[in-house]
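The values are calculated or read from the model by the stated rules, or taken from the named source; none is laboratory data. It should be emphasised that the depicted structure is a prediction, and the values quoted were computed from it without experimental measurement. FYI the Cβ positions are ideal-geometry reconstructions off the backbone, even for glycines, and counts take in every protein chain you see. Surface accessibility is based on the protein's heavy atoms, side chains included, excluding ligands, DNA and RNA. Shrake-Rupley method; radii C 1.70, N 1.55, O 1.52, S 1.80 Å.
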Amino acid sequence: MPGAANGVFEMPKVTYLNAQEGIKSWLLTGDHKRIAILYLISISIFFALGGVFASLIRIELLTPGPELDAEMYNRAFTAHGIVMVFMFLIPAIPAVLGNFLLPIMIGARDLAFPKVNLLSWYLYMIGGLLTLTAMLMGGVDTGWTFYTPYSTTYSQSYVFLTGLGIFIMGFSSITTGLNFVITTHKMRAPGMTWSRLPLFVWSQYATSLVMLLGTPVIAITVVLLAAERVFGVGIFNPNLGGDPVLFQHLFWFYSHPAVYIMILPAMGVISELIAAFSRRRVFGYSFVAFSSLAIAIFGFLVWGHHLFVSGQSAYAGIIFSLLSFIVAIPSAVKVFNWTTTLYKGSISYETPMLYALAFIGLFAIGGLTGLFCAALGLDVHITDTYFIIAHFHYVMVGSTVIAYLGGIHYWWPKMTGRSYPEFWGKLSAMLIYVGFNLTFFPQFILGYLGMPRRYHVYPPEYQVLNILSTAGASVLAVGFLMPVFYLLWSLKYGPIAGPNPWGAKGLEWETASPPPTFNFDATPIVTQEAYAYDAEADEAAYQAALQQDKR
Amino acid sequence: MSGHIVPKKTYYTIFLLLMVLLAVTVLIAYLDLDHATGIGGLNIIVALSIAFTKMMLVVLYFMHMKWSSKLTWVFGGASILWLAIMLVITLADYFSRGWVMFTNR
């Protein structure tokens, strides 16, 4: 890490962390960076909780017989899904990294509406705590998808309270999206044109559009669910004149685009990491930028591929299948552009870059198996099997969580002013990569062989692959726990990082680490494109240094 | 942007209009237009038209869309377009559900 460990830097005296003191100054803050830290802490706690539920699932599936009873198992996997999707994956990158970085990257003092930003954190906490209360009272057994008629008519669990929590958390998403869109339009520094925006900002912008256009639909769907469950209004129940498949339409109209709420910001992080650690401008900048928008828009036209076996019309199935294949195009544009960026780059393998490279490989597998699921005929065979579980974990964990961790490591020195120990960072990145593949690759095979999801028992011939999967999950857990320790350690003992420890481009590296409350002493004036790296000059300097060493 | 000042009178007029439309909606609900005119589904068409009008009044006046920038119009329009996407594609399923594609004969 150039310059970081030499002790040449001093911690800035006044930063956003110490500008005001006391717990009240945090809980009533309008500073986007402090709100990002509030989110970081709460999201990490929820992630750990979701991890505990995941462990329960993997322990149960270690043997073919029942350790938990069926009812308990249903509640465990539902809790895992709800916590991970609504309380971790959806807010993770936008609310932590996006909140912290978006205003700095465009040269603004804060987001457009700081108080609305704080409101979004409170909505998130209220919704999260309500959902958590429902879990403590006994939980939900419907699966995270709340399919009717089970959720409306038969389930004896806390569907209403959980739904209320998700409804409220939805508004947290909407307010964040609103803030990001308006900030990107209105608060860019002089010279920060759209074609100079960092790709992370483009991806946050596309994500925010999905949040704004999609989230109201899940809110309304949850309200309709409650109206039927509590007041007996006929929406989804055929006896009352409703249709259960309508729920799936409405649910997936949001929840499929929600996948892009998770993956688009992750792609933005990866664009930054690849550029910084191969010292090259991102190949095909405008294609990468517009592919984010394309994914956001096409993402709204494909939800019916979740309904192939639901009794949906065969014609709608064919159209949804075709449309689903289209999303592969902008996704592939990104992957090819990242690999082309690496070509002839001056690559170095620091921790964030390990995560970025892991992302490319894992996302490729997650994306390509997505094509299996989009193929109408094949999907009938793999629907509701472990193949689907493996596919979406490759996208959500293998891509989103990996990118989130890569981003946290990359911007950690900016957020805290201190560097983490590189050796431990690399070790945990590699453990996570190995553990992840060992956990989820066997699940592709299990699913293809026909093991259904959401059952607590299975035939003995599936046990070997399940043991591999649980073993992988243990390695993965160790990999996830390690950063908790060394990142916390670095808060006190890490070497002082200085403003730009990676030698990266971008406005966030031009201000102090950690930044002052209003980010910049004077509004920056932007004269360069986002990735004004010069790989050839770097390489020449490196070769010259080598020559000097030989002499 | 939000700089435009709207006289109170406008707000009261719009509010009154909304209340009148609400009364019309309730009234229509008691009439069987389908039977009276012979046009199937006329009740629902009229009810939704009134609802759409009310929505537009709220958006244009209470939410100041009428005096807003073109960019705001793009976003407002997008939300209606997205609603249309949801309705049209979902209905595409319902309308084509009874169709039979392949038979053995």
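Some points to look at:
- Positions within the stretch A:239-253 being in a helix (DSSP H, G or I), open to solvent by 10 Å² or more (accessible area, probe 1.4 Å) and within 12 Å of chain B (Cβ to nearest Cβ), in sequence order: A:V245, A:L246, A:Q248, A:L250, A:W252
- Any hit, the stretch A:369-382, residues being β-branched (V, I, T), in contact with a Ser or Thr (Cβ under 7 Å, 6 or more places away or on another chain) and modelled with pLDDT of 95 or more: no
This table checks each residue for (1) at pLDDT below 95; (2) surrounded by 17 or more Cβ atoms within 10 Å (Cβ to Cβ).
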{"position": "A:V333", "(1), (2)": "no, yes"}
{"position": "A:T339", "(1), (2)": "no, no"}
{"position": "A:I347", "(1), (2)": "yes, no"}
{"position": "A:L357", "(1), (2)": "no, yes"}
{"position": "A:G366", "(1), (2)": "no, yes"}
{"position": "A:Y386", "(1), (2)": "no, yes"}
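- Tally of residues being in a helix (DSSP H, G or I) and either among the acidic types (D, E) or buried (at least 20 other Cβ atoms within 10 Å of the Cβ) (or both) across the stretch A:7-36: 5
- Complete set of residues in the stretch A:240-285 that are at positive phi and in contact (Cβ under 8 Å) with a residue 60 or more places away in the chain: A:R279
- A:L323 meets each of the listed conditions (1) surrounded by 20 or more Cβ atoms within 10 Å (Cβ to Cβ); (2) farther than 25 Å from A:F88 by Cα; (3) touching a Leu at 6+ places or on another chain (Cβ under 6 Å) apart from (1).
- Single match in B:W73, B:W82, B:W99 (criterion: facing another protein chain (nearest Cβ under 9 Å) and open to solvent by 90 Å² or more (accessible area, probe 1.4 Å)): B:W99
- Test for A:I104: is it outside any loop (DSSP other than H, G, I, E, B), over 27 Å from A:I389 (Cα atoms) and either hydrophobic (A, V, I, L, M, F, W, C) or touching a strand residue (DSSP E or B) at 6+ places or on another chain (Cβ under 6 Å) (or both): yes
- Residue in the stretch A:263-285 that is part of a helix (DSSP H, G or I) and within 14 Å of chain B (Cβ to nearest Cβ) present: no
So that you can scan it fast, the table gives a plain yes or no per residue for (1) over 14 Å from A:L178 (Cβ atoms); (2) of a type in the set (F, W, Y); (3) open to solvent by less than 10 Å² (accessible area, probe 1.4 Å):
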{"site": "A:F113", "(1), (2), (3)": "no, yes, no"}
{"site": "A:N117", "(1), (2), (3)": "no, no, yes"}
{"site": "A:Y122", "(1), (2), (3)": "yes, yes, no"}
{"site": "A:G127", "(1), (2), (3)": "yes, no, yes"}
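- Among the residues of the stretch A:205-217, not a single one is within 14 Å of chain B (Cβ to nearest Cβ), assigned to a loop (DSSP other than H, G, I, E, B) and of a type outside the set (G, A, S).
- When restricted to residues that are surrounded by fewer than 23 Cβ atoms within 10 Å (Cβ to Cβ) and more than 15 Å from A:A219 (Cβ to Cβ), the stretch A:168-185 contains 3.
- Residue that is most open to solvent (accessible area, probe 1.4 Å) [pool: residues in the stretch A:56-82 that are more than 17 Å from A:I389 (Cβ to Cβ) and touching a His at 6+ places or on another chain (Cβ under 7 Å)]: A:P66
- Residues that are under 26 Å from A:W303 (Cα atoms) and open to solvent by 70 Å² or more (accessible area, probe 1.4 Å) within the stretch A:129-152 comprise just one, A:Y150.
- Enumeration of residues in the stretch A:296-314 that are modelled with pLDDT of 95 or more and of a type in the set (S, T, Y): none
- Those helices (runs of 4 or more DSSP H) of chain B in which 2 or more residues are touching a residue at least 12 places away in the same chain (Cβ under 8 Å) and of a type in the set (S, T, N, Q) occupy B:8-30, B:42-57.
- Restricting attention to the stretch A:218-231 and to residues that are more than 14 Å from chain B (Cβ to nearest Cβ) and in contact (Cβ under 8 Å) with a residue 12 or more places away in the chain, the residue that is nearest to A:W303 (Cα to Cα) turns out to be A:V222.
- Check on A:T162, surrounded by fewer than 24 Cβ atoms within 10 Å (Cβ to Cβ) and assigned to a helix (DSSP H, G or I): no
- Annotation: of all residues in the stretch A:189-204 being assigned to a loop (DSSP other than H, G, I, E, B) and crowded, with 20+ Cβ neighbours inside 10 Å, the one that is farthest from the other protein chains (Cβ to nearest Cβ) is A:P198.
- Cβ-Cβ contacts under 9 Å between residues 6 or more apart (or on different chains), taken from a first residue in the stretch A:293-321 that is more than 9 Å from every other protein chain (Cβ to nearest Cβ) and in a helix (DSSP H, G or I) to a second residue that is buried (at least 22 other Cβ atoms within 10 Å of the Cβ) and charged (D, E, K, R), are listed as A:I295/A:K334.
- Residue match in the stretch A:362-375 (condition: outside any helix (DSSP H, G or I), farther than 26 Å from A:E539 by Cα and of a type in the set (A, V, I, L, M)): yes
- Just so you know, in the stretch A:299-320 the residues that are closer than 21 Å to A:D243 by Cα and among the aromatic types (F, W, Y) include one that is most open to solvent (accessible area, probe 1.4 Å), and it is A:Y315.
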